[in-house]
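Data block below; observations after.
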Amino acid sequence: LIFKKVPSCLPVQIKCLPVEKEQTLIVVKPDGVQRRLIGQIIQRFEQRGFKLVGLKMLQVSEDLLSQHYCQLTSKPFYPRLMEYMTSGPVVVMVWEGHKVIQSSRMMVGHTNPAEAQAGTVRGDFSLHVSRNVVHASDSLEAALREIQLWFPGKELLNWDCIDQYITCE
Ligand code: ADP
């Protein structure tokens, strides 16, 4: 099969609305990995229409984590947060798409699972704020900073979804 890029005149993409392409950082925290929730979390982002451009599993260092959570160092729960986040491997991802930062915060739900709506990741899979399964960047500035921190250099990939192509004989 030969794949040919769809001419821009075909109605494959929404042409009449501006697309605000963004990237955001999503982390499946140690409890999410230990409870085998990685696949379900990835599925929700794929299903929504976002594109995965970076993915890795790692045991996060205290150094990286302290940079990631640098705004929370004075919080009383900070030592417990560090212990929790280093208690096992995490899966860190970069997702791309229209308004992905805002949408993923909605998909992830309230920080405190007790206040997270059903249908959100935290509302469906967690009970307590200290084990809330997933992280999502909360602003454009945070997303830029966190992506640079977790995926330094040229680790992110650029690729086209299959629905941007037509097949030819
Ligand atoms: P979010 O992850 O929703 O952006 P924050 O940035 O406020 O929320 O907090 C970062 C993480 O710190 C939370 O996801 C949660 O794991 C942990 N955390 C926040 N508040 C508490 C708390 N009161 N007790 C224990 N852990 C907390």
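Coordinate-derived values only; no laboratory data. Values in this document were obtained by computation on a predicted structure and should not be read as measured data. Here the Cβ is made from the backbone with ideal geometry for all residues, glycine too, and neighbour counts use every protein chain on show.
What the phi angles of segment 32-38 give under the Karplus curve with 6.51, -1.76 and 1.60, with θ = phi - 60°, is a coupling list of x, 5, 5, 8, 6, 9, 4 Hz, glycine and proline written as x. Summarising the overall dimensions of the chain from its C-alpha atoms, the Rg and Dmax are 17.7, 64 angstrom. For the chain, the share of DSSP beta bridges that are antiparallel, to the nearest 5, is 95%. For Val28, neighbours were defined as the other residues whose beta-carbon sits under 15 Å from its Cβ, and their charges (Lys and Arg +1, Asp and Glu -1) total +3. Once the chain from Asn112 to Leu52 is taken as fully extended at 0.36 nm per residue, the excess over their C-alpha distance is 19.0 nm.
Using the Cα centre as the reference, give the magnitude of the dipole from point charges on the C-beta atoms of the chain (Lys, Arg: +1; Asp, Glu: -1; all else neutral), rounded to the nearest 20 debye.
In total the dipole reaches around 200 debye.
Of Ile101, Ile42, Ile162, the sequence from fewest to most neighbouring Cβ atoms within 10 angstrom is Ile162, Ile42, Ile101. Would you mind checking the pairs Lys99/Lys154; Lys29/Lys154; Lys29/Lys56; Lys21/Lys154; Lys29/Lys99 and listing those with alpha carbons more than 21 angstrom apart? Among Lys99/Lys154; Lys29/Lys154; Lys29/Lys56; Lys21/Lys154; Lys29/Lys99, the Cα-Cα distance tops 21 Å for Lys99/Lys154; Lys29/Lys154; Lys29/Lys99. Just checking the listed ones, Val27, Val133, Val53: in the Gaussian network model of the chain with Cα springs under 10 Å, the one fluctuating most is Val53. Each label point was placed 7 Å from the Cα along the Cα-to-Cβ direction; for Glu20 and Leu64 their separation is 2.9 nm.
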